Number of protein chains: 2
Amino acid sequence: MTFPDLPDPQRAWAYLPASPLSGAAEGPLVGLTFSVKDLYGVPGWPLRASTRAPVPDPGESMLVRRLLDLGASAVGKTHLHEVALGITGMNGFGGTTHPFDPERVPGGSSSGAAVSVALWQVDFALGTDTGGSIRVPAAWCGVVGYKPTKGHPAWSTEGVLPLSWTCDHAGPLARDMRTIVQVQEALTGQTVAPQDWAGVKVGLWLPEGWVDDTVREALRLYAARLAGLGATVEAVPFPEVLDAYSPIVLSEAAQVHSEALKETEPGFLPFTHASLRQGQALTEEEVRAAFAHRAGYRAQLDDLLSRFDVLLAPAVPTPPPLVGQEEVEVGEGRLPLRRAVLRLTAPFSLLGAPTVALPSTAPFVGVQLVGRHGEDDRLLGLALALEG
Amino acid sequence: MTFPDLPDPQRAWAYLPASPLSGAAEGPLVGLTFSVKDLYGVPGWPLRASTRAPVPDPGESMLVRRLLDLGASAVGKTHLHEVALGITGMNGFGGTTHPFDPERVPGGSSSGAAVSVALWQVDFALGTDTGGSIRVPAAWCGVVGYKPTKGHPAWSTEGVLPLSWTCDHAGPLARDMRTIVQVQEALTGQTVAPQDWAGVKVGLWLPEGWVDDTVREALRLYAARLAGLGATVEAVPFPEVLDAYSPIVLSEAAQVHSEALKETEPGFLPFTHASLRQGQALTEEEVRAAFAHRAGYRAQLDDLLSRFDVLLAPAVPTPPPLVGQEEVEVGEGRLPLRRAVLRLTAPFSLLGAPTVALPSTAPFVGVQLVGRHGEDDRLLGLALALEG
């Protein structure tokens, strides 16, 4: 299907060429279309990262090129939360709204990516995920997302404007796991088989005070479903990692955008600008301490993943918030939205473990399944088996 | 989630009250919302059947009342193909468009119903199906639909404006079978368990000349999937039934709308008006012959359903056509859209067998699964098992 006169009331699209970039005539992805988050370099297409500030040119995305070579066609570029530094979808072009409710946010930073698949405009979307930027909009838009193991050779970040080289991942969103698996198989040349859940050891990370009643109930139902398939489910603890995540990401983001930051008013939205200035102001010691904390968290995650095959966790603390809403009510009280969301998703990008976001029984509430480093295909096979 | 300022560019909604009709405070459907096709009588809400012609008052829908008593809340009324006599979604109010492509039709006659679930505006939608009016829009909008056994006590057509009392069914559309099963269980008080496909005998009705390449391939993949689950799949023939279906439906529809037809220009769209006049002009002999043909088809279907547990068939001949498109290209050539569509779906409403429409691997192409008369819950259990 084609969408020649895309009305786009959600402002999902940053750039739509008159005709798509056609993929190769033959290949495993012939017939599939995809959208490209406007952080990926595509020759001939503008790159603005959904900001009015100047941004560096990352060169050409190897991943986009490879997908075209495999037969998929690129339809255009999608909007993101400004420079990918945020989780609602706000940017210098009015911001993207939820695909099905104009009063709510779609999540971000891969906001237009999630909208483009939720509205059936493409078969899959290229997003990026530094702290949850694929998983959060997937969860809030009712679609699926896959954040590969950090450095996965099939999911190159070469030619993608960085936010934080330590935490950045490239990955896809789609309406179903089947499509994600099809892309994975094409990129890797390996078959992804559905995996039996019988005997799978699941660690349930559900910090009850961090989510609202809707999410808590959805996670319990999800855990019960996995148990019904023969998995063993056991509750596990894991700490908040934002003391490591935030300094690393902000300091690296400030370096990425150092040219723009030389100007007094570079054109960023006020919150983005303040965050980048905060990143500039971090001392070497503060960043070094953050990396030290990260090493500790990595050891804890490695320990968990040695005892469990997969972790099950919420992808979001609540259903999608209203546009402009800055705080959210969870079990332990009112919290800034950014912290409430990121503390659920940032661990697995900070620590590089492969993670998928999948819809639950509650509308626009997703769960995360986290696998062992490098065991992406097993994780995808487990997720595929849940799709029937 | 609520949708206080529904933008409705698809024109799915015929009537949206300021606040929903709230369901009972307790019950198995508390928390679920539904839309009501504008053929159902709801006290205090207008009924126009998406026509500018006058229509009879059917009284109060017992089904809507029962769903409210079970705890579900009714959000408003959805548009349909004018008086339910057609399969595209055209009506006297501009017509409804596809949820995800403004240039295409959503299918009908339960067009707004399908759009309301595809766009997550409600959890389920009440539709009606006389020749395919639940299954066709479900298939073209990428959602699921369930046409119960004719006369199913849980799915009363009392208080629903008829099109054809011989063929009319009330039933639901939703985004997933899980929701349809939840409603079924609430209405019947019976549990619907997922059914094992191993050993299930599937009759594949795929008249190859009646569909296009996309649909043919989608059906083959679907059949292969069922075989992979242990079902045996065998191709079966079945004839075109429109020589029975059309006279019965048109003659009964002309009786339903006899008051309006006393006027020279009652306000129907030209095609609807011509069809109703054609129904008026049918002789008793022609209608009697149609019922005789129907008896023959019923014997053939009974024979098939004695040898097979379930039939698998296309729900639509092609993906959704463009608005205004009147012909469609299938294997055997160009055909009027109405005939190309109805000959796939009308058999199972003409003959009253329970049928679900489910998405396939091809976007906006659905399949039908047909069960034995009265064995609705087994059919729903088989469909549920496919959802994982």
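Details
- Surface accessible to a 1.4 Å probe, per residue, for the residues of chain B, Å²: 35
- The overall shape of segment B:1-87 is oblate: from the C-alpha gyration tensor, with semi-axes ordered a ≥ b ≥ c, the ratio a/c is 1.5 or greater and a/b is no larger than b/c.
- Among B:Gly352, B:Gly71, B:Gly371: highest mean-square fluctuation, GNM of chain B, C-alpha pairs under 10 Å: B:Gly71
- Bridgeable lysines around B:Lys147 (alpha carbons under 18 Å apart, same-chain partners fewer than 8 residues away excluded): B:Lys37.
- Projecting the Cα atoms of A:Phe124, A:His81, A:Leu226 onto the charge dipole of chain A (Cβ charges, centred on the Cα centre) puts A:Leu226 farthest toward the positive pole.
- Of the residues making up segment B:339-388, those losing 30 Å² or more of accessible area when the isolated chain is joined by the remaining protein chains, with a 1.4 Å probe, are B:Thr361, B:Pro363, B:Phe364, B:Gly388.
- For the peptide B:99-106, the mean number of other protein chain Cβ atoms found within 10 angstrom of a residue's Cβ is 4.
- Average other protein chain Cβ within 10 Å of Cβ, residues A:150-160: 0
- For segment B:46-127: relative contact order, % (alpha-carbon pairs under 8 angstrom, 6 or more apart): 24
- What separates the B:Ala289 label point from its copies, with the point 7 Å along Cα to Cβ, is 9.2 nm, written shortest first.
- Dipole magnitude of the protein assembly as shown about its Cα centre (Cβ charges: Lys, Arg +1; Asp, Glu -1), debye to nearest 20: 240
- Overall form of segment A:175-285 per C-alpha gyration tensor (a/c, 1.5; a/b vs b/c): prolate
- Per-copy distances of the A:Gly199 label point, shortest first, in nm (7 angstrom along Cα→Cβ): 2.6
- Over segment B:3-188: Kirkwood hydrodynamic radius from C-alpha pairwise inverse distances, Å: 15.6
- Interface size, chains B and A: roughly 2100 Å² of accessible area buried, both sides included, 1.4 Å probe, rounded to the nearest 100.
- Ligands, DNA and RNA left out, the accessible area of segment B:3-188 computed with a 1.4 Å probe is 52% carbon and sulfur.
- Taking every DSSP beta bridge that has both ends in segment B:3-188, the antiparallel portion is near 60%.
- Take each peptide in B:145-155, B:279-289, count the other Cβ atoms within 10 Å of every residue, and average; sorted highest first, the result is B:145-155, B:279-289.
- Of the residues making up segment B:163-195, those losing 40 Å² or more of accessible area when the isolated chain is joined by the remaining protein chains, with a 1.4 Å probe, are B:Arg178.
- Overall form of the protein assembly as shown per C-alpha gyration tensor (a/c, 1.5; a/b vs b/c): prolate
- Most to least accessible of A:Asp57, A:Asp303 (protein chains only, probe 1.4 Å): A:Asp57, A:Asp303
- GNM top mover of B:Ala290, B:Ala118, B:Ala235 - chain B, alpha-carbon springs below 10 Å: B:Ala235
- Relative contact order computed over chain B (Cα-Cα under 8 Å; 6+ residues apart), in percent: 19
- Magnitude of the charge dipole, chain B, Cβ model with Lys/Arg +1 and Asp/Glu -1, debye to 20: 140
- Fraction of beta bridges assigned by DSSP in the protein assembly as shown that are antiparallel (%, nearest 5): 65
- For peptide A:117-126, the mean count of partner chain Cβ atoms within 10 Å of a residue's Cβ comes to 2.
- Computed over segment A:3-188: relative contact order in percent, which uses C-alpha pairs under 8 Å that are six or more apart: 23
- Mean residue ellipticity, 222 nm, helices only, chain B: the sum of -39500 (n - 2.57) across DSSP H runs of n ≥ 4, divided by residue count and rounded to 500, is -10500 deg cm²/dmol.
- Partners for B:Lys77 among aspartates and glutamates (Cα-Cα distance below 20 Å; same-chain residues under 8 apart left out): A:Asp101, B:Asp5, B:Asp8, B:Asp38, B:Asp57, B:Glu60, B:Asp69, B:Asp123, B:Asp129, B:Glu158, B:Asp168
- Antiparallel bridge percentage (DSSP; both residues within chain A; nearest 5): 65
- Summary for A:Asp69: label point 7 Å along Cα→Cβ; distances to the equivalent points in the other copies, ascending, 6.6 nm.
- Under the span-like rule (Cα at least 18 Å along the axis, Kyte-Doolittle mean at least -0.5), DSSP H helices of chain A: A:213-228, A:242-256, A:337-350
The values are calculated or read from the model by the stated rules, or taken from the named source; none is laboratory data. Keep in mind that this is a model prediction, so the values were computed, not measured. As a convention, Cβ positions derive from the backbone with ideal geometry for all residues, glycine included, and neighbour counts pool all protein chains shown. What goes into the accessible areas is simple: the full protein's heavy atoms, side chains included, and nothing from ligands, DNA or RNA. Shrake-Rupley method; radii C 1.70, N 1.55, O 1.52, S 1.80 Å.
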